[in-house]
Amino acid sequence: MPKSQQRQATVAPAPTPRRPRPGMEYRARSDEAWYPARVLVQDGWLRVMFENFLEDADEWYDPVADLASPGDVDALRARFRRESPALHDARCGDLRPGDRLCLACDIYGDADELKYYDAVLETVEKAAHGTVDGVERCACRFTVRWTEGPRRGCWDKVGVEVVCCVQESPIQDPVLTEFLDDVRNRFGEDQEATAASQEAAPTPAGSRRVLFSLKTASERLARRS
Ligand SMILES: [Zn+2]
């Protein structure tokens, strides 16, 4: 099983297979940027697959080593969210100061190296919209403060073309939810097991799944006495 690997700029060659977008995005461990991604569980590990990247960019999570505490599970859950749609030119009036945005960050001055990080909208400088080939084009300028990435803490003035809108509603991905809930529930069993061993009660039902947790609990008890 591969351990987490460094993400490389191995963009899959065109044409991209036609299939529905993943509908969710993931903040990569390698660069903390957001990418459209989908997940599956393979041999008990969570495999995160980046849209339009080859599989050597996949990130893997070992439910035992990588998710050793409830906090680890919550942190992993927070790496996923609904995909942030691009701001439509005609909808710029919907934005309000304080809105969370996800912006393309042109780190190296190279369009192929765009990475997406979060920012907060500070102000909007309205401008009359034009029309190109019958399509409305937003000419407003958005002052943003980066909250992530290499420009974190910096202010920038950007155009509609780099703005995506962070969605607050929770994602609905059954595979991800089931994996995270299973790991999270393990810690509940861990606490039950600790309580049970403290009372010298019989081993609780389902103990096979918490063998390693029991070991941890008994080590904690040994240290305490
Ligand atoms: Zn506008």
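Here are the numbers for this structure:
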| item | result |
| --- | --- |
| Matching strands (runs of 3 or more DSSP E) fully within segment 88-171 where at least 3 residues are within 14 Å of the ligand (Cβ to nearest atom) | 115-125, 130-132, 135-137, 141-146 |
| Leading residue by the ranking (modelled with the lowest pLDDT) among those in segment 172-213 that are outside any helix (DSSP H, G or I) and of a type in the set (G, A, S) | G206 |
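Residue-wise test of (1) among the small types (G, A, S); (2) farther than 22 Å from T147 by Cβ.
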position: A33; (1), (2): yes, no
position: F53; (1), (2): no, yes
position: A68; (1), (2): yes, yes
position: G71; (1), (2): yes, no
position: A90; (1), (2): yes, yes
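Quick grid of which residues meet (1) surrounded by 17 or more Cβ atoms within 10 Å (Cβ to Cβ); (2) touching a residue at least 12 places away in the same chain (Cβ under 8 Å); (3) not charged (D, E, K, R):
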position: G71; (1), (2), (3): no, no, yes
position: F80; (1), (2), (3): yes, yes, yes
position: C92; (1), (2), (3): yes, yes, yes
position: L103; (1), (2), (3): yes, yes, yes
position: E113; (1), (2), (3): no, yes, no
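Yes/no per residue for (1) charged (D, E, K, R); (2) at pLDDT 95 or above; (3) in contact with a Gly (Cβ under 7 Å, 6 or more places away or on another chain):
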residue	(1), (2), (3)
M24	no, yes, no
A28	no, yes, no
L46	no, yes, no
F53	no, no, no
D62	yes, yes, no
V73	no, yes, no
R81	yes, yes, no
P97	no, yes, no
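The values are calculated or read from the model by the stated rules, or taken from the named source; none is laboratory data. Computed from a predicted structure; not experimentally measured. No Cβ is skipped: glycine too gets one built from the backbone with ideal geometry, and neighbour counts run over all protein chains shown.
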